[in-house]
Amino acid sequence: MNKKTILVIDDDAIVLKSCKRILESEDYSVTLCPSATQGIDILKSSAFSLIIIDILMPCCNGLNLSEKIEKEYPGTKFLIISGYMEPKPFSEIIIEKKMNFLPKPFTPDELLKAVKFAIIKNPESTGKNNKTSKGDIDE
Amino acid sequence: MNHNIRLYLITSLLGLTIMVAGISLFFGTYQINKAVISEAKNRIGFDLRTTIKIYSNIEKQINSSLSLTALDQGWGDCVNGYNVQHIKKRLSDLSEIIGLDFSGFVRNDSTTICRQSGYNTTSPDPVINPVAKIVLKKKVTISGTFILTQEEIRAEDPKLADLSAINLINSSENNQQNIKQETSCLTIVTAVPVYENNLFLGVIYGGIILNNSTSIVDTVRETVFQNETFNGQNVGTVTIFLNNLRVSTNVLTKSGARAVGTLLSQEVEKKVLIEGETWIDRAFILNDWNISAYQGIEDYYGKTVGILSVGVIESKYAQFKKDTFFVFVVISIAGILIAVLLGFILSRLVLKPVDELINISKKVSEGDLSPKIKKISKGEIGNLQSTFLNMIDTLRVRDLHQKEESEKQLIMTQKQASVGRLAAGVAHEINNPLTGVLTFTYMLLRRDDLDEEMKSDLETIANATNRVKDIVKGLLNFSRQVKLNPEPSDINTIIKETIELIENQALIKRIRINFDADKNIPSKILDSSQFQSVVMNMIINAIDATDPGGRISVSTRINLSTKGTKHKEIEIIIADNGSGIAPEQLDKLFDPFFTTKEVGKGTGLGLAVSLGIVEHHGGTISVESQPGEGSSFTIHLPLDHNNE
């Protein structure tokens with residue numbers, strides 16, 4: 001069985017570092033990315049089992065980014081993390097789209113639980129061809 | 001509305017004036033008509049009597065002149081010497097003075113020896129004047145009105161007979177008769193016996209013919225009516241009738257000729273000629289309406305043989321009536337104009353303060369409480385004005401109070417908002433490093449090679465970090481737009497369940513909780529779990545503030561809104577007899593992180609979060625407190641619209 005690959009996009013180094021530390025302890029292959037633009041570049045060459053995205057980042061917000069990626073690579077799985085659910089529309093979008101969400105700060109157990117759940121859960125696929133993501137094919 | 005009052009006032013006054021003017025116009029005109037007619041009748045009656053007097057004076061004048069002439073000396077010589085010329089001279093002198101139409105002398109042998117006209121007296125004529133004939137027999141003076149036949153006149157003077165004949169004019173078919181010419185003649189005749197030395201010598205007689213005569217009627221008109229004219233027409237007319245025939249008159253026909261030969265109306269004829277009454281009334285004479293008076297003329301034998309009549313054309317009075325009516329109309333119109341003017345002025349006077357009040361009301365309703373009433377009127381309007389001023393004053397005070405309240409509220413809200421933003425920002429920034437601390441603390445704790453002391457230290461770090469996590473979470477809850485999950489809920493039930501949850505906690509502290517529920521409170525749409533957390537938080541606060549053995553009373557009721565609107569609201573009052581709150585702390589009570597509790601026992605966010613939740617439900621929380629006596633927190637919640 002292949003290692004599950006996870007991409008973490010967050011502008012805060014301590015969060016990236018924390019995620020890497022926790023997830024690698026459970027044998028996940030973790031790629032870290034400090035900005036959205038770099039994240040998109042990485043996605044061009046590699047596919048991931050899960051992408052963890054922070055909402056509030058200096059360049060853009062994580063929700064828009066996840067939408068953009070979803071469009072490009074349908075079936076991609078996400079875990080949204082945030083220290084703060086405001087402004088209001090974010091919380092509503094998350095609830096409405098039934099996105100996987102984990103509030104910061106989290107303990108290692110909480111993150112692992114959320115990641116497992118997000119990977120197992122079927123992606124919200126709207127496309128008729130329920131084919132696996134590009135990442136899966138590459139694997 | 002204002003215009004309506006003005007219109008109403010003016011219309012009322014106008015209506016009243018028109019009514020009064022109309023009534024006075026009607027009755028005034030009626031009264032004046034009556035007065036004018038009655039005055040006209042009185043006057044015409046008087047004129048008739050004057051005419052009769054003049055008529056009888058003419059008769060008397062003839063009588064006295066003839067009587068005086070009869071007393072003259074020398075009649076014997078004249079008669080015996082058959083000096084006809086001398087008699088004729090005397091007769092013509094007499095005639096010249098009093099204007100006789102005919103006269104003559106009848107000798108005691110029943111012959112007429114002299115006539116004024118000189119007709120048929122070249123020798124003694126056996127034809128004798130009928131009046132003289134009576135005197136010849138009775139030998140006393142006879143004087144009066146007589147009807148003489150044409151033959152009898154012809155005997156005096158054939159020319160007279162022709163002149164006095166009257167051609168009938170058929171003015172009315174009812175009176176159409178076969179006679180085409182009236183030959184009888186109405187005359188005034190006097191015959192006086194002539195004596196000398198007690199010897200009866202004969203009879204001197206003389207008279208005037210009224211047929212076709214103008215002198216009497218015109219004299220009378222001149223005397224009585226002074227030839228007054230109206231619209232070029234003589235106002236008064238005088239007529240002498242022979243029976244029902246006009247024989248002498250100054251009434252004119254349409255062609256402008258004297259209306260001799262026309263007949264009297266049957267109605268008047270019946271009244272005057274047959275019943276012998278005096279008749280005074282309106283009468284249509286030939287062309288015009290007249291006010292006329294008629295009285296019969298009796299002849300020497302006491303028989304009514306003719307009528308004397310005077311008339312005044314009614315149009316003269318009609319004009320007078322018209323003038324009077326016009327004056328009345330002018331007065332009425334003036335009255336109406338005055339009424340309108342008065343109505344306008346009055347309404348202005350009355351409505352000016354009302355207008356002012358309306359304008360001020362408008363300003364007040366727009367929120368401007370500054371207007372003052374310039375002048376306080378007397379009476380009811382004044383009362384209204386003062387009441388209104390009082391109301392404005394009260395409003396002003398309330399407004400000021402409300403302003404202070406809302407300013408306080410605003411400062412509070414701004415404070416909370418800024419604190420909220422700050423908290424949110426801080427929380428976000430703290431959360432990332434907290435993630436790191438938590439991650440690495442827990443990762444360290446996973447290691448198997450830790451000694452007990454190190455493990456204990458790491459657990460302390462984890463616990464402390466979790467506390468920080470809780471505080472940040474609380475802060476976020478406070479600053480976050482709480483997502484409500486509203487549903488129709490029964491507030492009393494929520495409170496009851498909340499009290500049940502914490503009753504044990506209270507009992508441990510020997511504190512009793514009373515709940516006095518108002519059964520009339522309708523269900524309200526709210527987030528029951530959040531609302532429960534508010535009630536719970538406040539009861540816990542009350543328990544914490546109350547010493548053992550104390551009491552907490554929770555009650556609900558419906559009250560008028562404190563916001564100054566007319567709306568009603570639900571009040572939930574949580575009162576304790578605990579330590580109370582110092583006045584300087586009241587302001588800070590709802591500030592985040594403000595707490596009177598020991599460190600670690602409270603985050604200082606409970607009331608701030610509670611207020612946030614209540615405010616999201618459109619309500620507010622107020623506090624009253626007396627240090628040492630207890631505090632009372634009231635949650636004010638607006639009624640749902642369908643319950644208002």
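The values are calculated or read from the model by the stated rules, or taken from the named source; none is laboratory data. Just so it is clear, the model here is predicted, and its values are computed rather than measured. Every residue, glycine as well, gets a Cβ built from its backbone with ideal geometry; the counts of neighbours run over all protein chains shown. Note: accessible area is taken over every heavy atom of the protein model, side chains too, but ligands, DNA and RNA are not part of it. Shrake-Rupley method; radii C 1.70, N 1.55, O 1.52, S 1.80 Å.
Annotations for the structure displayed:
- Of all the numbered requirements in (1) more than 52 Å from the chain's Cα centre (by Cα); (2) surrounded by fewer than 19 Cβ atoms within 10 Å (Cβ to Cβ); (3) within 24 Å of residue B:181 (Cα to Cα); (4) of a type outside the set (A, V, I, L, M, F, W, C), residue B:249 misses one, and that requirement is (2).
- Checked across the range B:206-222, the condition of being in contact (Cβ under 8 Å) with a residue 60 or more places away in the chain, under 53 Å from the mean Cα position of the chain (by Cα) and closer than 12 Å to residue B:310 by Cα holds for no residue.
- Check on residue B:47, part of a helix (DSSP H, G or I) and of a type in the set (Asp, Glu): yes
- Summed over the range A:95-121, the residues that are within 12 Å of another protein chain (Cβ to nearest Cβ), in a helix (DSSP H, G or I) and modelled with pLDDT of 90 or more give a count of 5.
- If the condition is being within 14 Å of another protein chain (Cβ to nearest Cβ) and of a type in the set (S, T, N, Q), then the range A:1-35 contributes A:18, A:25.
- Under the condition of being in contact with a helix residue (DSSP H, G or I) (Cβ under 9 Å, 6 or more places away or on another chain), open to solvent by 50 Å² or more (accessible area, probe 1.4 Å) and either modelled with pLDDT of 90 or more or within 13 Å of chain A (Cβ to nearest Cβ) (or both), the residues counted in the range B:409-446 number 10.
- At least 1 residues being over 18 Å from residue B:246 (Cα atoms) and open to solvent by 60 Å² or more (accessible area, probe 1.4 Å) is the threshold, and among the strands (runs of 3 or more DSSP E) wholly inside the range B:264-353 those reaching it are B:279-285.
- Residues in the range B:360-397 that are closer than 16 Å to residue B:350 by Cα, out of contact with any helix residue (DSSP H, G or I) (no Cβ under 9 Å at 6 or more places or on another chain) and open to solvent by 70 Å² or more (accessible area, probe 1.4 Å): B:378, B:380, B:383.
- Whichever residue in the range A:36-57 is over 21 Å from residue A:110 (Cβ atoms) and open to solvent by 30 Å² or more (accessible area, probe 1.4 Å) and, among such residues, is nearest to the other protein chains (Cβ to nearest Cβ): A:38
- Number of positions in the range B:508-559 that are polar (S, T, N, Q) and part of a loop (DSSP other than H, G, I, E, B): 3
Every residue, every condition in (1) over 60 Å from the mean Cα position of the chain (by Cα); (2) acidic (Asp, Glu), yes or no:
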{"site": "B:36", "(1), (2)": "no, no"}
{"site": "B:39", "(1), (2)": "no, yes"}
{"site": "B:42", "(1), (2)": "no, no"}
{"site": "B:61", "(1), (2)": "yes, no"}
{"site": "B:103", "(1), (2)": "yes, no"}
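- Filtered residues of the range B:65-89 (kept if open to solvent by 30 Å² or more (accessible area, probe 1.4 Å), out of contact with any Cys (no Cβ under 8 Å at 6 or more places or on another chain) and in a helix (DSSP H, G or I)): B:67, B:68, B:77, B:80, B:85, B:89
- Filter pass, residue B:604 being open to solvent by less than 40 Å² (accessible area, probe 1.4 Å), at positive phi and at pLDDT 80 or above: no
- Residue match in the range B:529-542 (condition: at pLDDT 85 or above and within 60 Å of the chain's Cα centre (by Cα)): no
- Considering the range A:77-94, the residues that are modelled with pLDDT of 85 or more and open to solvent by 20 Å² or more (accessible area, probe 1.4 Å) include one that is nearest to residue B:485 (Cα to Cα), namely A:78.
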